[in-house]
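Colleague: Can you read through this structure? Questions will come right after.
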Amino acid sequence: QVQLVESGGGLVQPGGSLRLSCAASGSISSINAMGWYRQAPGKQRELVARISGRATTIYAASLKGRFTVSRDNAKNTVSLQMNSLKPEDTAVYYCFLSVGISSYWGQGTQVTVSS
């Protein structure tokens, strides 16, 4: 019913930047929030950033100032601009969508920060 398609992951050197995008399609209404989580090997999945239907943003405290989440309501997309990337940012990044009482996840995109 709902599908999330991510793009923008890849390999980048420390200090570099990447922009992730996620497009939602299907039967979508009453959006609670869209955003991003990430999971590094051997670690739990953690919140990166999210933006609510009222445009309220929430960031992981350690990431605020380097990462920026934004959305395009007309296109049902959410993006994550990542600047000043560090090796510890290496993870699989997952797009998510909260609609009504349901949550949906993208397939994940790998971000690797290495010299």
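The values are calculated or read from the model by the stated rules, or taken from the named source; none is laboratory data. Computed from a prediction, not measured in an experiment: that's the story for all the values here. When we count neighbours, we look across all protein chains shown, and the Cβ atoms used for this are built from the backbone with ideal geometry, even at glycine. Remember, those area values only see protein heavy atoms, side chains included, never the ligands or the DNA or RNA. Shrake-Rupley method; radii C 1.70, N 1.55, O 1.52, S 1.80 Å.
Colleague: Please work out how much accessible surface Asp72 shows to a 1.4 Å probe, ignoring ligands, DNA and RNA, in Å² rounded to 10.
Modeller: Number for this one is 60 Å².
Colleague: For the chain, modelled as a GNM with alpha-carbon contacts under 10 angstrom, which of Gln81, Gln44, Gln13 fluctuates the most?
Modeller: Of Gln81, Gln44, Gln13, the most mobile in the Gaussian network model is Gln44.
Colleague: Per residue, how large is the accessible surface of the range 1-47? Use a 1.4 angstrom probe and give square angstrom.
Modeller: Here the per-residue accessible area is 58 Å².
Colleague: Compute the separation of the alpha-carbon centres of the range 66-115 and the range 6-61 and state it in Å as a whole number.
Modeller: Their Cα centres are 2 Å away from one another.
Colleague: Return the tail of the calculated pair distribution for the chain, meaning the percent of Cα-Cα pairs more than 17 Å apart.
Modeller: Here the tail beyond 17 Å accounts for 51 percent of pairs.
Colleague: Taking the range 23-72, which trypsin sites (Lys or Arg not before Pro) meet the DSSP loop condition and have no more than 16 other C-beta atoms within 10 Å?
Modeller: Passing both the DSSP loop test and the Cβ count: Lys43, Arg45, Arg54, Arg66.
Colleague: A further question on this structure: For the chain, which whole-number percentage of the solvent-accessible area (1.4 Å probe, protein heavy atoms only) is attributable to carbon and sulfur atoms?
Modeller: 47
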